[in-house]
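The values are calculated or read from the model by the stated rules, or taken from the named source; none is laboratory data. Keep in mind the model is a prediction, meaning the values are calculated, not measured. Here the Cβ positions follow ideal geometry from the backbone for every residue, glycine too, while neighbour counts run over all protein chains shown. To get the accessible areas, we keep the full protein, side chains included, count just its heavy atoms, and leave off ligands, DNA and RNA. Shrake-Rupley method; radii C 1.70, N 1.55, O 1.52, S 1.80 Å.
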Amino acid sequence: FDVVMEYDRGLLVKPDHQRDFVWESPKVKAWIDRIALATTDRARKPVGAIVTYQIDDGFPSPRFVNDGSQRIRATLAVLHSPSEFGYDKEQVEAILRATTIPVQHRLYKNQDDALEDFQLLNMGTSLTPREMCKGILSNHPSYKSSWQPLLANIHVAMSNLPGGLIQRLDINNRRQQHKFERH
């Protein structure tokens with residue numbers, strides 16, 4: 001509960017290399033149901049760990065979440081709209097307060113080292129090439145000042161070209177959508 005509330009208050013931050021929230025409602029519901037079950041049968045239903053980190057380069061660093069971002073944000077979705085998932089606010093808070101999820105905290109020299117661990121932690125849900133490129137690109141020193149503003153407008157510019165260079169398809173598959181966006 002404390003980790004989820006820290007994220008909600010902005011005390012625990014999603015780093016630039018972390019993927020967007022990709023869980024759909026059925027998976028969010030399954031996650032909160034799993035936590036609820038884990039409160040009564042911890043031995044059979046482990047819920048994983050949350051991995052946080054800071055950059056140890058001599059400057060103050062926020063705390064970032066490197067593993068567990070999807071679970072934290074799914075939990076927040078249920079906490080903010082419990083009826084959408086078949087719960088009420090008191091039930092969700094009781095479930096969360098009865099659940100213990102270990103938090104591992106790490107120190108890295110830089111964001112690239114954090115990204116490398118993020119990749120290793122997410123071997124079960126592999127990153128799409130777009131997500132991988134975003135992680136590498138967002139760690140470059142010139143990203144925020146130079147590249148990010150240019151990339152933010154590229155799809156608008158491309159769609160305004162007569163005939164267009166790339167034809168956008170109606171894609172619901174995350175991998176196919178990211179492949180399109182990468183191209």
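Some observations on this one:
- Arg97 being surrounded by 15 or more Cβ atoms within 10 Å (Cβ to Cβ) and of a type in the set (Lys, Arg): no
- The sole residue among Ile154, Ile166, Ile171 that is open to solvent by less than 70 Å² (accessible area, probe 1.4 Å) and modelled with pLDDT under 75 is Ile171.
- Evaluation of Pro60 against the conditions (1) more than 24 Å from Gln177 (Cα to Cα); (2) touching a strand residue (DSSP E or B) at 6+ places or on another chain (Cβ under 7 Å) shows that the sole unmet condition is (2).
- Which numbered condition Ser61 misses (of (1) at pLDDT 90 or above; (2) open to solvent by 20 Å² or more (accessible area, probe 1.4 Å); (3) within 17 Å of the chain's Cα centre (by Cα); (4) within 21 Å of Ser138 (Cβ to Cβ)): (3)
- Candidates Asp113, Asp88, filtered to the one that is free of Cβ contacts under 8 Å to residues at least 40 places away in the same chain, open to solvent by 60 Å² or more (accessible area, probe 1.4 Å), more than 13 Å from Phe1 (Cβ to Cβ) and out of contact with any His (no Cβ under 6 Å at 6 or more places or on another chain): Asp88
- Single residue of Ala36, Ala77 found to be over 24 Å from Asp112 (Cβ atoms), open to solvent by 30 Å² or more (accessible area, probe 1.4 Å) and among the aliphatic types (A, V, I, L, M): Ala77
- Just one of the numbered conditions (1) within 20 Å of Lys14 (Cβ to Cβ); (2) β-branched (Val, Ile, Thr); (3) out of contact with any helix residue (DSSP H, G or I) (no Cβ under 6 Å at 6 or more places or on another chain) is not true of Thr100: (1).
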